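So the structure is just underneath, and the comments pick up after that.
The values are calculated or read from the model by the stated rules, or taken from the named source; none is laboratory data. Please read all numbers here as calculations on a predicted model, not as lab measurements. All Cβ positions, glycine included, derive from the backbone under ideal geometry; neighbour counts span all protein chains shown.
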């Protein structure tokens, strides 16, 4: 796995912790929604930073109240064809004003990166086989956008005015 | 088992092709290798899968044939082997090689 | 017509380059077929029985002469000299090489065309009334809003991996020529009590395995809210539409399972977050797009043109063609000319490169360089001076394009079927050809009157069989082609799904069965009844009896 942002390859301080695994004392950990709902208070008592990972069938709305506790939200694409995380990403950014790291994990492929970036993802876990330099060109392939999204780009109808 | 040949479409141009000897793909059904047993069909399929992985063809599957001259059993496969029934001037049936083989 | 500006040009150019890269990566093996397939589909490229097939978007069915000439050129350069106009107002090429497609797309881009989102699980090419802008009964030209939706939906980052495909149709007139009730979203322009124009929003219509007529979820939506409301509908669908079962993934199944009322609540709740935001359509944006669809420079003419009337009187063949193929134009002295692509014995919707060029020339000379593609797989010259109609007809006749059968029994809607399509179970075109031959006599066709036959080669229903007055669905029974017949379907304002008449008919009996149905109607109709009226009055029984009991 290679973690990239739009700037390039990134170090990854985050540890994804399985539900049945013990939490390390400190350090940045990513937990599931289920664990958050079960052990929320205990998790908040820890000293390290907290991140959460949602499966594609878990709605962003589930985090509405709790978002302030997380420095990272990871949204999982079980298959690249499952487009639900795109909606979750926009809801987190645009409705709840989430400004922390929003990471795409799972089946993250080159030709979906453009859409992910636009929906507010800012970090991407690429598979080992990825040619990172080549894949990152996907961010730049299309220079014209027609609709507002979470990336702050000005859509064409606005540019025409 | 029913006798069968392995068919696919060529990746580059989409043309209908059949697996022939030595892993070669041919556009002509009469040149296809015929699997008479399940073991043979499995061996052919293995060759075809390698070919698919090498990006020569896509969508491989076994197709039942009958008769000495390898006639496809289904209407769909007869149309794939010849061309549209509504435009006999198009497809394999319109190529000079097709007439020579008939 | 809409014309690209620098932004639009840049988008299609970049999209061509992007697809060129995707093709190279596929041929090199960097992309598996499983990964490439959704990418090529999002650019309209299928693998069919014999070769690759490309579906080119004709946005809301409007074309210029220049564009049609390019379509003809592409048919010659990359294909086998013809194209197929589809029920979604698009055109398909059947014999392409994968490696040629990027060059073909670059040629298309040079005339402001593309194949973006003509397939795949995304928002498809938006369709509209083929008489948009020229029919007297419309509130506003629906193409203004179809173009606004086209732009909004193009490479939409949130909605490019939906549970399933998504089709939107818009009509500006009370008479529904765009089949809006059998689309995922249908937009029908309405006026509210204040007289303002807006949209009735219908959701969850569709054909295929589970045919359903759309439900109205909002009787009136102001124009400024169009895009935010669509985004709310799409978001609810993207989040909640089923992804575990391909056959239950369309929005119609979601609407059906939660109920239209609950679905409406969910959309309205989502819309509260989106309305009055960045998607609000300012009047100036609408005005900017509307300007492209301004009426051409019509001449002031008399409504009656004696020379035209004289020709109609003198020439019986011309007169018969006028009777079916002309429609009233909103401007006096002009007519809408329908060009039938249903000549006897030909494949419905097919046009040769030469025919396309003939039509392009006629549009240039006689219709302000503009033409339309209809969902019934015909072409339209939308603005022809009555004084020119005879000359247009003569030119059409010389090109084999003067079939006088618009709206009659031989004007079938027909999918490509098993002669081309990878999904089909049975052939469709030969059945349509037999029908056109069996009912060739024009006098008989006129006697039968308004009767729409629609033929699909499989349950996916590209031939709209569910909403044919008579529908034929090809099925495979142990390797043999059979045809199941439905009666009483209708795609217009009083949309209805046809009823299955009984067991399917073998291929050689299918057209006989159609004839039996027609004869039963003729024997039972009361004064002035159309087939559909008679069917709605009598139901299945008399037809069933004639088809099955009498044997």
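Quick one: which of C:282, C:296 is touching a strand residue (DSSP E or B) at 6+ places or on another chain (Cβ under 8 Å) and either in contact (Cβ under 8 Å) with a residue 60 or more places away in the chain or within 11 Å of chain A (Cβ to nearest Cβ) (or both)?
Unique residue meeting the criteria: C:296.
Pull up the range C:332-347, narrow it to residues that are more than 16 Å from the chain's Cα centre (by Cα) and more than 26 Å from residue C:304 (Cβ to Cβ), then point me to the one that is surrounded by the most Cβ atoms within 10 Å (Cβ to Cβ).
For the range C:332-347, the residue satisfying everything is C:347.
For residue C:327, are the conditions met, namely being in contact (Cβ under 8 Å) with a residue 40 or more places away in the chain and either within 14 Å of chain A (Cβ to nearest Cβ) or assigned to a helix (DSSP H, G or I) (or both)?
So residue C:327 does not fit the description; no.
Which of the numbered conditions does residue C:527 fail, given that it passes all the others? Conditions: (1) over 30 Å from residue C:183 (Cα atoms); (2) at pLDDT 95 or above; (3) away from chain B (no Cβ under 14 Å).
All conditions pass for residue C:527, except number (2).
Residue check: is residue C:27 away from chain B (no Cβ under 14 Å) and part of a helix (DSSP H, G or I)?
Criteria not met by residue C:27.
Which of the helices (runs of 4 or more DSSP H) contained wholly in the range C:343-458 include at least 3 residues that are in contact with a strand residue (DSSP E or B) (Cβ under 9 Å, 6 or more places away or on another chain)?
C:353-366, C:389-398, C:429-438
Which of the residues belonging to the range B:86-97 are more than 10 Å from chain C (Cβ to nearest Cβ) and touching a residue at least 40 places away in the same chain (Cβ under 8 Å)?
B:97
Conditions first: (1) within 25 Å of residue A:113 (Cα to Cα); (2) without any contact (Cβ under 8 Å) to a residue 24 or more places away in the chain. Residue C:20 passes all but one, so which condition is the exception?
Among (1) within 25 Å of residue A:113 (Cα to Cα); (2) without any contact (Cβ under 8 Å) to a residue 24 or more places away in the chain, residue C:20 violates only (2).
Among the residues of the range C:40-50, is there at least one that is part of a helix (DSSP H, G or I) and either modelled with pLDDT of 95 or more or within 30 Å of residue C:291 (Cα to Cα) (or both)?
Yes.
The rows are residues; the columns are (1) assigned to a helix (DSSP H, G or I); (2) in contact (Cβ under 8 Å) with a residue 40 or more places away in the chain; (3) out of contact with any strand residue (DSSP E or B) (no Cβ under 6 Å at 6 or more places or on another chain).
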site	(1), (2), (3)
B:14	no, no, no
B:44	yes, no, no
B:48	yes, yes, no
B:79	yes, no, yes
B:84	no, no, yes
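Testing residue C:488 on (1) buried (at least 16 other Cβ atoms within 10 Å of the Cβ); (2) in contact with a strand residue (DSSP E or B) (Cβ under 9 Å, 6 or more places away or on another chain); (3) at negative phi, one condition comes back false. Which one is that?
(3)
Each row is one residue, and each column tells you yes or no for (1) in the same structural domain as residue C:252 (by TED's automatic domain parsing); (2) part of a helix (DSSP H, G or I); (3) in contact with a strand residue (DSSP E or B) (Cβ under 6 Å, 6 or more places away or on another chain); (4) closer than 25 Å to residue C:414 by Cβ.
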{"position": "C:89", "(1), (2), (3), (4)": "no, no, yes, yes"}
{"position": "C:95", "(1), (2), (3), (4)": "no, no, no, yes"}
{"position": "C:99", "(1), (2), (3), (4)": "no, yes, no, no"}
{"position": "C:103", "(1), (2), (3), (4)": "no, yes, no, no"}
{"position": "C:120", "(1), (2), (3), (4)": "no, no, no, yes"}
{"position": "C:139", "(1), (2), (3), (4)": "yes, no, yes, no"}
{"position": "C:145", "(1), (2), (3), (4)": "yes, yes, yes, no"}
{"position": "C:156", "(1), (2), (3), (4)": "yes, no, no, no"}
{"position": "C:163", "(1), (2), (3), (4)": "yes, no, no, no"}
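Residue by residue, here is whether (1) at the interface with another protein chain (Cβ under 8 Å from one of its Cβ atoms); (2) farther than 26 Å from residue C:36 by Cα; (3) in contact (Cβ under 8 Å) with a residue 40 or more places away in the chain holds:
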{"residue": "A:95", "(1), (2), (3)": "yes, yes, no"}
{"residue": "A:105", "(1), (2), (3)": "no, no, yes"}
{"residue": "A:108", "(1), (2), (3)": "no, no, no"}
{"residue": "A:125", "(1), (2), (3)": "no, no, yes"}
{"residue": "A:128", "(1), (2), (3)": "no, no, yes"}
{"residue": "A:136", "(1), (2), (3)": "no, no, yes"}
{"residue": "A:144", "(1), (2), (3)": "yes, no, no"}
{"residue": "A:154", "(1), (2), (3)": "no, yes, no"}
{"residue": "A:161", "(1), (2), (3)": "yes, yes, no"}
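As an exercise: evaluate residue B:62 against (1) part of a helix (DSSP H, G or I); (2) more than 13 Å from chain C (Cβ to nearest Cβ); (3) surrounded by 14 or more Cβ atoms within 10 Å (Cβ to Cβ) and give the number of the one condition it does not meet.
The failed condition is (1).
Given the structure, is residue C:250 surrounded by 19 or more Cβ atoms within 10 Å (Cβ to Cβ), within 11 Å of chain A (Cβ to nearest Cβ), within 29 Å of the chain's Cα centre (by Cα) and modelled with pLDDT of 95 or more?
No; evaluated as a whole, the condition is false for this residue.
Inside the range C:476-490, can you point out the residues that are at pLDDT 95 or above and part of a loop (DSSP other than H, G, I, E, B)?
Hits for the range C:476-490 are C:488, C:489.
Out of all the residues in the range C:201-212, which are assigned to a loop (DSSP other than H, G, I, E, B), touching a residue at least 60 places away in the same chain (Cβ under 8 Å) and touching a strand residue (DSSP E or B) at 6+ places or on another chain (Cβ under 7 Å)?
C:205
If you go through the range C:266-279 one residue at a time, how many are within 9 Å of another protein chain (Cβ to nearest Cβ), within 12 Å of residue C:235 (Cβ to Cβ) and either under 30 Å from the mean Cα position of the chain (by Cα) or assigned to a loop (DSSP other than H, G, I, E, B) (or both)?
1
With A:80, A:121 as the choices, which residue is in a loop (DSSP other than H, G, I, E, B), within 14 Å of chain C (Cβ to nearest Cβ), under 22 Å from residue A:132 (Cβ atoms) and touching a residue at least 40 places away in the same chain (Cβ under 8 Å)?
Only one candidate passes the filter, namely A:121.
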